[in-house]
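Okay, so here's the structure we're looking at.
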Amino acid sequence: MKGDSNLRDGLLSNRAKQFLGGVSVRTKILGIVLALTLVLGLGVTWQVRTTTSRVLVDELDARGTAVVSDLAARSVDPILLNDTFALHQLLAQTMANHQDVAYAFVVAADGSVLAHTFGSGGFPVELIDIDHTSAKVVYESAQGRIHDFAEPVFEGRAGTARVGMSETRLRSLVGGITAQMLLTTLAVAVFGIGAAISLTWLLTRPILDLVATTRLVGAGDLSARARHWAQDEIGVLARAFNHMVADLEDSQATIADKEAARTRLLDQLITAQEEERKRIARELHDGVGQALNSLALGISSLAQAKSPEVAAEQAAQLRGVTYETLHAVRQLGRELRPSVLDDLGLAEALEHYAAEFSNIYPEFRVDTHLDLEVRLPTTVETALYRMIQEGMTNAARHSGGRTVSVLVSQRNGWTQAIIEDDGDGFDTDAVQRSGESVGIYGMRERAELVGGRVRFESSSSGTTVFVEVPT
Amino acid sequence: MKRQVATFIAVALLAGACGSADAEEMPFVDLSLRAPAPAAGTGEITPLRVAVAAILSPEGNIESYGALADYLGMRLGRPVEIVQRRTYQEINDLLESGDVDIGFVCTSAYVRGHDDFGLELLAVPQIDRETVYYSDLIVAADSSAVGMADLRGGTFAFTDPISTTGRIYPTSLVEQLGESPATFFSRTVFTYSHDRAIAAVAEGVVDAAAVDSLVLDFAFRRNPELNVKVIDRSPAFKIPPAVVAPGVAPRTAVELQELLLAIATDPAAASVLTSLGIDGFVAVEDQEYDAVRDLIARVDPTP
């Protein structure tokens, strides 16, 4: 049995949970407000009605007892003196002077009615038959509930005084109070519904708005933002949500930018590779090819040499051509990859490059201050080398200045390179935003690959590039 | 949940509607069922109607004469009904018209009734072997008055207009002072019974009153602390008699007289004598009331 009832309780509570979970917050709040208002209003009404009824009926009984005692005391003389008119007057006064008295009459000891207040229409004979073993008898009548009080006159020797007290006025009084309270309850309930609707609107509006925004974001619209309604918990949630979406949008934009730059870089890399190949092919065709051609012609001519002297002279010329060709091939190889970086380190390689740079751009003055005590990993050295090379090339090609200085130092676990020119400067932000400059993007990529960073500062008096890589 | 709330509300409303409905069965009385009010039954046997003058208040008379009425009823084998009226004159009227058979009346009422319409004496009560009574002039116990002369300008309670002790004798006292009650007192009232006159003095409603000495003695016996004192006593008057109406059959009158005169020797009447405070009844002659007759003639020559 107990198990059954537990099971039933469990099922009930589950169903209640399901039901409660199924209705909207609006319904819940509305339900709570309505239920509370009605329970409180009806409870208080019922309580007041019960208490008032009891108090009024008690008071009616007290008054009835007092009235009938008074009537009995004042009836003695008129009864004993057979003064029926005085008795009638006494009853009429009793009726007139006391509220709720429905009737009054006096019965003589022999059962005859000496006087009554029912007028000329006769006397309600059933009243005589009421069994008055107690002083008060309550009965129902067509005129409502009546409390009938009896009091012996002169210890019963002169008869009995009877007074009927009607509950009608009390009932209507209690009814009026009840109606008033029910009306108040109704008014409060209506007001409560209004308040609940406003409250639920206030509560659910931001939530529904947040839900709508979430769906927009889910569908890919990262520009969607939840409206900020208030500073409450939901407001905090909306702000956090907006913050998250903004971060997401930023990060997506960054990814898209990088993707675009990477694509451009790839394009340019392929183009550059093709051009490099063309240049090498041209170098091979124009330089080495021509040299080998003239070597082949020289060797043919040597084979037909008229005399050993001429042959020796021609052989010497051929050797010269061969050396030049060898030099050209070496130069080509060095340009493709500076072996000096592998062999002698970054400082030497940079010195070499500076010298070459002066050859290529003779109008440019190059200052180098290289202070490298620790050798860096090959990848880092290569990256740093290429970044400095790019920076110097950019200065020579685009700055319009006359001097470029390169300063490399090591400090606190970082290797820092500063490439500074005295040119016209450029709008670093605009260039970086546009993503047009593959060079700048390439420098950034290289730095990030080895865990470093690049910073550009530019003004009308020149541009400074700060490169930092971990040592 | 919603159904439970609805159930609760329904229960609350129902409870409210039922309000203080009591569980007990309520009888129903049809007040519209009217009939002529039940009147005093006109029994086959005509009751003996005994009038008692308002020497005492109506309740006091019932307490004193109730036992006598019961005793007479038992002895006569017919119901006896006590009839009271506010004034002595009304009792005399009833005796004259024959609406009552016998009466216990005041001395002056007897004298007037005898002289006017032939009221006859039956017997007089004997108290402490005496058949006289007095008019006692009483004032509050703390009053400084010692005689009627000291009551000038005060208030005075008469008992009944034709009471010997309650009005006629005190009026004669005032007249001896050469005044009339209307000028001598600032105000006079009628209390229509002797015990109420005593109460009026004791409670300070009036300054003084003149009362039946028998009633005053009885009042003092009941309450020795009574707040009144006697400052003047009249000469002895014959005690108030029991009388028979002129219309009563002589045989009945004799039967009644014999019953009253024998009451002292009837053991069944012991409680009657106790409640009346008397030894018994004795015969009396009309001339024994001449003193009262003279007094009336002097004070109220034409009633």
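The values are calculated or read from the model by the stated rules, or taken from the named source; none is laboratory data. All of these numbers come straight from a predicted model, not from anything done at the bench. Reconstructed Cβ throughout: ideal geometry from the backbone, glycine too, with neighbour counts over all protein chains shown.
In the range A:79-89, what residues are in a helix (DSSP H, G or I) and free of Cβ contacts under 8 Å to residues at least 24 places away in the same chain? If you could, list the steps in order and put the result at the bottom.
We begin by selecting, within the range A:79-89, every residue in a helix (DSSP H, G or I); these are A:79-80, A:84-89.
The answer is A:PHE85, A:ALA86, A:GLN89.
Working only within the range B:43-55, note down all residues that are in contact (Cβ under 8 Å) with a residue 60 or more places away in the chain and within 11 Å of another protein chain (Cβ to nearest Cβ).
Passing the criteria: only B:ALA54.
Could you tell me how many of the residues in the range A:387-419 are in contact (Cβ under 8 Å) with a residue 24 or more places away in the chain and either in a loop (DSSP other than H, G, I, E, B) or within 14 Å of A:PHE357 (Cβ to Cβ) (or both)?
Of the range A:387-419, the ones in contact (Cβ under 8 Å) with a residue 24 or more places away in the chain are A:387-396, A:398-410, A:413-419.
Now drop any that are not either in a loop (DSSP other than H, G, I, E, B) or within 14 Å of A:PHE357 (Cβ to Cβ) (or both), which leaves A:388-396, A:399-406, A:413, A:419.
Residues that pass the stated criteria total 19.
Mind checking which residues of the range A:37-46 are surrounded by fewer than 16 Cβ atoms within 10 Å (Cβ to Cβ) and facing chain B (nearest Cβ under 10 Å)? Write out each step before concluding.
Step one: list which residues in the range A:37-46 are surrounded by fewer than 16 Cβ atoms within 10 Å (Cβ to Cβ), which gives A:39-40, A:43-44.
Passing the criteria: A:VAL39, A:GLY43.
Here are the criteria: (1) away from chain B (no Cβ under 12 Å); (2) modelled with pLDDT under 90. Tell me which single one A:ALA96 does not satisfy.
(2)
Does B:SER163 fit the bill of being surrounded by 24 or more Cβ atoms within 10 Å (Cβ to Cβ) and touching a helix residue (DSSP H, G or I) at 6+ places or on another chain (Cβ under 7 Å)?
On the way: surrounded by 24 or more Cβ atoms within 10 Å (Cβ to Cβ): yes; touching a helix residue (DSSP H, G or I) at 6+ places or on another chain (Cβ under 7 Å): yes.
Taking the combined requirement at face value, the residue satisfies it.
Filter the range A:119-132 down to residues that are farther than 19 Å from A:GLU167 by Cβ and modelled with pLDDT under 90 and give me whichever is nearest to the other protein chains (Cβ to nearest Cβ). Show your work before the answer.
Looking only at the range A:119-132, we keep the residues that are farther than 19 Å from A:GLU167 by Cβ, and these are A:119-123, A:125, A:128-129, A:131.
Right, trim to modelled with pLDDT under 90 and you get A:119-122, A:125, A:128-129, A:131.
On the way: A:GLY119: 10, A:SER120: 10, A:GLY121: 5, A:GLY122: 3, A:VAL125: 5, A:ILE128: 6, A:ASP129: 9, A:ASP131: 9 Å.
Of everything passing the filter in the range A:119-132, A:GLY122 is nearest to the other protein chains (Cβ to nearest Cβ).
Under the condition of being touching a helix residue (DSSP H, G or I) at 6+ places or on another chain (Cβ under 6 Å) and closer than 14 Å to A:THR160 by Cα, which residue from the range A:101-113 is farthest from the other protein chains (Cβ to nearest Cβ)? First the steps, then the outcome.
First pass over the range A:101-113, keeping only residues touching a helix residue (DSSP H, G or I) at 6+ places or on another chain (Cβ under 6 Å): A:101, A:104, A:106.
Still in the running and closer than 14 Å to A:THR160 by Cα: A:104, A:106.
On the way: A:ALA104: 13, A:VAL106: 10 Å.
If we take residues in the range A:101-113 being touching a helix residue (DSSP H, G or I) at 6+ places or on another chain (Cβ under 6 Å) and closer than 14 Å to A:THR160 by Cα, then A:ALA104 is farthest from the other protein chains (Cβ to nearest Cβ).
For A:ASP77, are the conditions met, namely being farther than 22 Å from B:TYR192 by Cβ and at pLDDT below 95? Please lay out each step first, then the result.
Values: farther than 22 Å from B:TYR192 by Cβ: no; at pLDDT below 95: yes.
It is false that A:ASP77 is farther than 22 Å from B:TYR192 by Cβ and at pLDDT below 95.
What are the residues in the range A:189-227 that are loosely packed, with under 14 Cβ neighbours inside 10 Å and either touching a His at 6+ places or on another chain (Cβ under 9 Å) or among the hydroxyl-bearing types (Ser, Thr, Tyr) (or both), if any?
Correct list: A:SER198, A:SER223.
For the range A:141-152, check the following and say yes or no: at least one residue is of a type outside the set (Gly, Ala, Ser), at pLDDT below 90 and under 24 Å from A:ARG54 (Cβ atoms). Working first, answer last.
Residues of the range A:141-152 of a type outside the set (Gly, Ala, Ser): A:143, A:145-149, A:151-152.
Next cut, at pLDDT below 90 only: A:143.
After this cut, where a residue has to be under 24 Å from A:ARG54 (Cβ atoms) as well, the list is A:143.
Yes: the range A:141-152 contains one or more residues that are of a type outside the set (Gly, Ala, Ser), at pLDDT below 90 and under 24 Å from A:ARG54 (Cβ atoms).
Would you mind finding the one in A:ARG49, A:ARG26 that is within 11 Å of another protein chain (Cβ to nearest Cβ), more than 30 Å from A:GLU155 (Cα to Cα) and touching a residue at least 60 places away in the same chain (Cβ under 8 Å)? Step through it out loud before you land on a result.
On the way: A:ARG26 fails: within 11 Å of another protein chain (Cβ to nearest Cβ).
Matching residue, one of A:ARG49, A:ARG26: A:ARG49.
Can you name the residue in the range A:93-125 that is in contact with a strand residue (DSSP E or B) (Cβ under 9 Å, 6 or more places away or on another chain) and part of a helix (DSSP H, G or I) and is also surrounded by the most Cβ atoms within 10 Å (Cβ to Cβ) among such residues?
Top of the filtered list is A:THR94.
Scan the range B:166-204 residue by residue and report those that are among the β-branched types (Val, Ile, Thr) and over 14 Å from the mean Cα position of the chain (by Cα). Spell out how you get there, then give the answer.
Keep residues of the range B:166-204 that are among the β-branched types (Val, Ile, Thr), which gives B:168, B:171, B:174, B:183, B:188-189, B:191, B:198, B:201.
Hits for the range B:166-204 are B:ILE168, B:THR171, B:VAL174, B:THR183, B:THR188, B:VAL189, B:VAL201.
Filter the range A:52-78 for residues that are free of Cβ contacts under 8 Å to residues at least 40 places away in the same chain and within 10 Å of another protein chain (Cβ to nearest Cβ); which is surrounded by the fewest Cβ atoms within 10 Å (Cβ to Cβ)?
The qualifying residue surrounded by the fewest Cβ atoms within 10 Å (Cβ to Cβ) is A:ARG54.
Mind telling me which of the residues A:ILE360, A:ILE418 ends up being more than 30 Å from A:GLU259 (Cβ to Cβ), at pLDDT below 90 and over 41 Å from the mean Cα position of the chain (by Cα)?
A:ILE360
If A:PHE85 satisfies every condition in (1) over 25 Å from A:VAL138 (Cβ atoms); (2) facing chain B (nearest Cβ under 9 Å) but one, which is the exception?
Tallying (1) over 25 Å from A:VAL138 (Cβ atoms); (2) facing chain B (nearest Cβ under 9 Å), A:PHE85 fails exactly one: (2).
Which residue out of A:GLY423, A:GLY413 is more than 30 Å from A:ALA256 (Cβ to Cβ), in contact with a Ser or Thr (Cβ under 7 Å, 6 or more places away or on another chain) and surrounded by 15 or more Cβ atoms within 10 Å (Cβ to Cβ)?
A:GLY423
Given the condition more than 25 Å from A:GLU448 (Cβ to Cβ), surrounded by 14 or more Cβ atoms within 10 Å (Cβ to Cβ) and either of a type in the set (Asp, Glu) or modelled with pLDDT of 85 or more (or both), answer yes or no: does some residue in the range A:333-350 qualify?
Taking the range A:333-350 as the starting set, the residues that turn out to be more than 25 Å from A:GLU448 (Cβ to Cβ) are A:333-336, A:339-340, A:343-344, A:348.
So of that shortlist, the ones also surrounded by 14 or more Cβ atoms within 10 Å (Cβ to Cβ) come out as A:340, A:348.
With either of a type in the set (Asp, Glu) or modelled with pLDDT of 85 or more (or both) added as a condition, the list becomes A:348.
Taking every residue of the range A:333-350 in turn, at least one turns out to be more than 25 Å from A:GLU448 (Cβ to Cβ), surrounded by 14 or more Cβ atoms within 10 Å (Cβ to Cβ) and either of a type in the set (Asp, Glu) or modelled with pLDDT of 85 or more (or both).
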